[in-house]
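Here the structure comes first, spelled out in structure tokens, and everything after it is commentary.
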Amino acid sequence: TIDNVLGQRYIAAGASGKRVVINGIPGNALGAYMDGCVIEVHGNAQDAVGDTMNTGTLVVYGNCGDTAGYGMRGGKIFVKGYAGWRVGIHMKEYGEYVPDIVVGGTAGSYLGEYQAGGRIVVLGIGAEDRPCVGEFTATGMHGGKIYLRSRFIPDDLPPQVEVSRVTDKSELEPLVREFCSYFGYDADKLLSDDYFVLAPAAACIYKRMYTNR
């Protein structure tokens, strides 16, 4: 346990096999390149949470800044509140390594920018009457999926991204239930709501440059 944290950067960067509990507000690049740690933040977090992380779980009991999950290659990030811009930028997946980000509140602009794999879920808790994401969602996206618990479809999606209503929640359900296990929300209620999923079109020419999926 680390108490009285106030802006210290690179906590648990490159670490593996540890459980780290943080009381306070860690600085940029929390858990960068981490490989198998469990990190709990009882407070807010700043930018680049989980930057290029490989495996492990990072739980933020508050809000986080920009670029959470930048270049993320595996593991899971759960944020109770809102997240800033460019969440999941350059996320990627390979084989059994499929990264996940779940944001309880809203996410800022450029969500999933250049996303090449993995799953992003934005639950929009408290924002049911408005879009739960900012502008330019999925810009340059060519892999992975973005799930939105919302009645609103982003109106500026790029042409290579398709949006559809979620009818099969089997992939989504474990992530929502794990999120609720940390933060005390009602998983059944959240799962009963409407979701949209964003994914690159089958004809997206960039997909085969990164993955065979």
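The values are calculated or read from the model by the stated rules, or taken from the named source; none is laboratory data. In this text the structure is predicted, and so the values were computed from the model without any measurement. When we count neighbours, we look across all protein chains shown, and the Cβ atoms used for this are built from the backbone with ideal geometry, even at glycine. Ligands, DNA and RNA are excluded from the accessible area calculation, which covers all protein heavy atoms including side chains. Shrake-Rupley method; radii C 1.70, N 1.55, O 1.52, S 1.80 Å.
From the list 167, 137, which residue is farther than 24 Å from residue 56 by Cα, β-branched (Val, Ile, Thr) and surrounded by fewer than 18 Cβ atoms within 10 Å (Cβ to Cβ)? Working first, answer last.
On the way: 137 fails: surrounded by fewer than 18 Cβ atoms within 10 Å (Cβ to Cβ).
Just one listed residue meets the conditions, 167.
Conditions tested, residue by residue: (1) crowded, with 22+ Cβ neighbours inside 10 Å; (2) farther than 25 Å from residue 185 by Cβ; (3) charged (D, E, K, R).
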residue: 96; (1), (2), (3): no, yes, yes
residue: 100; (1), (2), (3): yes, no, yes
residue: 106; (1), (2), (3): yes, no, no
residue: 110; (1), (2), (3): yes, yes, no
residue: 120; (1), (2), (3): yes, no, no
residue: 128; (1), (2), (3): no, no, yes
residue: 131; (1), (2), (3): no, no, no
residue: 162; (1), (2), (3): no, yes, yes
Could you please find all residues in the range 10-63 being within 16 Å of residue 100 (Cα to Cα), assigned to a loop (DSSP other than H, G, I, E, B) and touching a strand residue (DSSP E or B) at 6+ places or on another chain (Cβ under 6 Å)?
31, 34, 49, 50, 54
What about residue 160, is it modelled with pLDDT under 95 and touching a His at 6+ places or on another chain (Cβ under 8 Å)?
yes
Filter pass, residue 101 being touching a strand residue (DSSP E or B) at 6+ places or on another chain (Cβ under 7 Å) and not small (Gly, Ala, Ser):
yes
Answer yes or no as to whether residue 147 is open to solvent by less than 60 Å² (accessible area, probe 1.4 Å), modelled with pLDDT of 95 or more, among the hydroxyl-bearing types (Ser, Thr, Tyr) and not in a loop (DSSP other than H, G, I, E, B).
yes
Could you tell me whether any residue of the range 134-146 is within 15 Å of residue 196 (Cα to Cα) and touching a Lys or Arg at 6+ places or on another chain (Cβ under 7 Å)?
yes
Taking the range 69-94 and keeping residues open to solvent by less than 10 Å² (accessible area, probe 1.4 Å), in a strand (DSSP E or B) and over 22 Å from residue 128 (Cβ atoms) leaves 77
Given (1) surrounded by fewer than 20 Cβ atoms within 10 Å (Cβ to Cβ); (2) modelled with pLDDT of 95 or more, index of the condition residue 205 fails:
(2)
Looking at the range 37-69, which of its residues are without any contact (Cβ under 8 Å) to a residue 40 or more places away in the chain and of a type in the set (Val, Ile, Thr)?
38, 39, 41, 49, 52, 57, 60, 67
If you check residue 66 against the conditions, is it acidic (Asp, Glu), part of a loop (DSSP other than H, G, I, E, B) and within 16 Å of residue 105 (Cβ to Cβ)?
yes
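Which of the residues spanning the range 55-71 are within 21 Å of residue 182 (Cα to Cα) and not small (Gly, Ala, Ser)? If you could, list the steps in order and put the result at the bottom.
Just the residues of the range 55-71 that are within 21 Å of residue 182 (Cα to Cα), to begin with: 55-65, 68-69.
Correct list: 55, 57, 58, 59, 60, 61, 63, 64.
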